[in-house]
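What follows is a single structure, written as structure tokens, with notes after it.
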Amino acid sequence: MPEISLTVLVLLCLAALLAGWIDAVVGGGGLLLLPALLLGLPHVPHPYVLGTNKAVAIVGTTGAAVTYVRRAPVQVWTAVRVGLAALAGSTAGALFVSAISRDVIRPLLMAVLVAVALFVMLRPPSARGPRGRSGRRSPGPGSSPRSSSSAAGSASTTACSGRAPAPSWSSP
């Protein structure tokens, strides 16, 4: 394994720190970290770089997930099903990437990353949907935000849908 200079290591750690923050807040931290790893470790085989990126993502995502689970209700069955689909996709992607030569995969990865970054930055606001502070859709026209979070509203939401009310963001 080639030596990594202290400067490159520090820059990669800073990129990982920023990518972790971006990922926890809005998602997509890999759009920053993967190019940093590809550029900072040019002599490392691409499966190792991608594996390093995934290992970092697993650690960061686990920390964020634990924090979110402690603060808000999570639909565990939905998370398990989506997680299994992600596992299948990740496995297929890792097998695919491992079978492609370095000369093909590196430009392909950079092109895909640029395309995803452009999509995220340029998509119209209507594609993002109206979201309030909690990440849930804003109430429709004619309803006040206060009425949807009142005690009566929360009780009827729970009784009718079987779901727990959204956590309050106000201080106690």
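The values are calculated or read from the model by the stated rules, or taken from the named source; none is laboratory data. Since we're looking at a predicted model, the values are computed, not measured. Positions of Cβ are generated from backbone atoms using ideal geometry, with glycine treated the same way; all protein chains shown enter the neighbour counts. When the accessible area is computed, the model is the full protein with side chains, heavy atoms only, and any ligands, DNA or RNA have been set aside. Shrake-Rupley method; radii C 1.70, N 1.55, O 1.52, S 1.80 Å.
General observations
- Of all residues in segment 72-111, those satisfying the criterion of being out of contact with any Phe, Trp or Tyr (no Cβ under 8 Å at 6 or more places or on another chain), outside any helix (DSSP H, G or I) and either more than 19 Å from GLY30 (Cβ to Cβ) or acidic (Asp, Glu) (or both) are ALA72, PRO73, GLN75, ALA99, SER101.
- Residue-level check: of (1) in contact (Cβ under 8 Å) with a residue 40 or more places away in the chain; (2) among the acidic types (Asp, Glu); (3) open to solvent by 90 Å² or more (accessible area, probe 1.4 Å), GLU3 misses just (1).
- Matching entry among VAL82, VAL114, VAL76 (being out of contact with any helix residue (DSSP H, G or I) (no Cβ under 7 Å at 6 or more places or on another chain), over 27 Å from VAL10 (Cβ atoms), at pLDDT below 90 and open to solvent by 70 Å² or more (accessible area, probe 1.4 Å)): VAL76
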